[in-house]
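One structure is given below, encoded as C-alpha cells.
Please treat every number below as a calculation from the coordinates, not as lab data. None of the values given here were measured: they were computed from a predicted structure. All Cβ positions, glycine included, derive from the backbone under ideal geometry; neighbour counts span all protein chains shown.
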C-alpha cells in the first residue's frame, strides 16, 4: 500500500501494481463498495466504483466466451 501510495482505508482484492480492485472503506465501515484504482491514468489516479457492495460485484461476474 505504501509503495504504490494507495489511498488509506481500502482493502485490496487483486491487482498488479498499477491497477487494483479493492473494498472501499473510506466512507463506510459496513458493506463497502468495490472500486477500481488505476495509478497510471494520465497524471492522476483514477478511482471508480465497480459495484455498491461485494455481493453485487460477485453476482455481476461472468465468463466471456469468444464465438471464434
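Here are the numbers for this structure:
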item: With eigenvalues of the C-alpha gyration tensor scaled by 5 and rooted, the stretch 10-59, Å; result: 20, 11, 9
item: Fewest-first sequence of 64, 25 by Cβ atoms within 10 Å of each Cβ; result: 64, 25
item: Likely footprinting exposure, 39, 12, fewest C-beta neighbours within 10 Å first; result: 12, 39
item: Calculated FRET efficiency for the pair residue 43/residue 13, C-beta based, R₀ 25 Å, to 0.05; result: 0.45
